[in-house]
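Below is one structure, written out as structure tokens; the observations come after it.
The values are calculated or read from the model by the stated rules, or taken from the named source; none is laboratory data. Everything numeric in this text was worked out from a predicted model, so none of it was measured. Because the Cβ atoms are built from the backbone with ideal geometry, glycine has one as well, and the counts that use them run over all protein chains shown. SASA here: full protein model, heavy atoms, side chains in, ligands and nucleic acids out. Shrake-Rupley method; radii C 1.70, N 1.55, O 1.52, S 1.80 Å.
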Amino acid sequence: MMKNVFKLLVASILISSISTSVSASQDREWNFRVLLDGKEVGNQHFVLTDEGGRTRLETKAEFKVKILFATVYRYLHQNEETWQGNCLARIESSTDANGKPYAVRGQVRDGFFEVTGTGEMEQLPECVSSFAYWDPSFLKNDRLLNTQNGEYVKVEVSEPEADYRTIRGERVPARKYRLEAGELDLQLWYSADDEWLALESKTKGDRVLSYELL
């Protein structure tokens, strides 16, 4: 059961979490506490740097789940991406999912985005995006790149709903979206000025994985 929970956990977040359809004009940073059923299991850190015409994203994540005093699951992820406007120009990521390694390499070449992940090199359309949570314009795409394994997945996104979230102890108005991709089922919240506020995902066994903004 625990193995199944964290297979979906990985699919729902760290696929995912690590890219942008860059609209930022200055450096930005996000720090999230990651919780499973309300209990802290790790953190994820994002840094977006404007490099004059291009944007570089760096992210690091570490999850560790314990039962009593024993660690039953550990997840480490590092990713670096370069963006040209709203298109991914280059990616290099590495992941250790409880001892199972993953690596993705990709770049724009000869009119395609060439990516190598779990299988052979694949040629995708020249302009691809991935799960750019902090820029809600990514929700307009019907396919997104999984930056953990290199898969180009079909997604469905709901219309936004008016809602509220408690952020840093303050209840604030928000827009909520639902994103589905296969077994992945996410809820995302954004402020009135499009700031990413929160994420939740229901995993197998009806457990809830959530990101809390620090």
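For the pair Ala70 and Arg178, a Förster radius of 25 Å applied to the C-beta separation gives a FRET efficiency near 0.10, rounded to the nearest 0.05. Quick note on the chain: its Rg to Rh ratio, both from C-alpha atoms and Rh being the Kirkwood radius, is 0.95. Label sites at Ala162 and Gln84, each approximated as a point 7 angstrom past Cα along Cα to Cβ, lie 4.3 nm apart.
So if we plug the beta-carbon distance of Arg109 and Leu214 into 1/(1 + (r/R0)^6) with R0 = 41 Å, what FRET efficiency do we get, rounded to 0.05? After rounding to 0.05, the efficiency reads 0.60. Within a straight-line Cα-Cα reach of under 30 Å, Lys140 can be paired with the following lysines, leaving aside sequence neighbours fewer than 8 residues apart in one chain: Lys7, Lys60, Lys154, Lys176, Lys202, Lys204.
Here the convex hull built on the C-alpha positions of the stretch 59-104 has a volume of 64 cubic angstrom per residue. Each Lys or Arg adds one and each Asp or Glu subtracts one; over the other residues with Cβ under 11 Å from the Cβ of Asp135, this totals 0.
Provide the net charge surrounding Arg33, with neighbours chosen by a C-beta distance below 15 Å and charges set as Lys +1, Arg +1, Asp -1, Glu -1. My count for the surroundings of Arg33 gives -1. With helices as the sole contributors, the chain gives -1000 deg cm²/dmol at 222 nm; each DSSP H run of n ≥ 4 counts as -39500 (n - 2.57), and the sum is divided by every residue.
For the chain, the solvent-accessible area with a 1.4 angstrom probe is 51 square angstrom per residue.
Each Lys or Arg adds one and each Asp or Glu takes one away; over the other residues whose Cβ falls under 12 Å from the Cβ of Lys202, this sums to -3.
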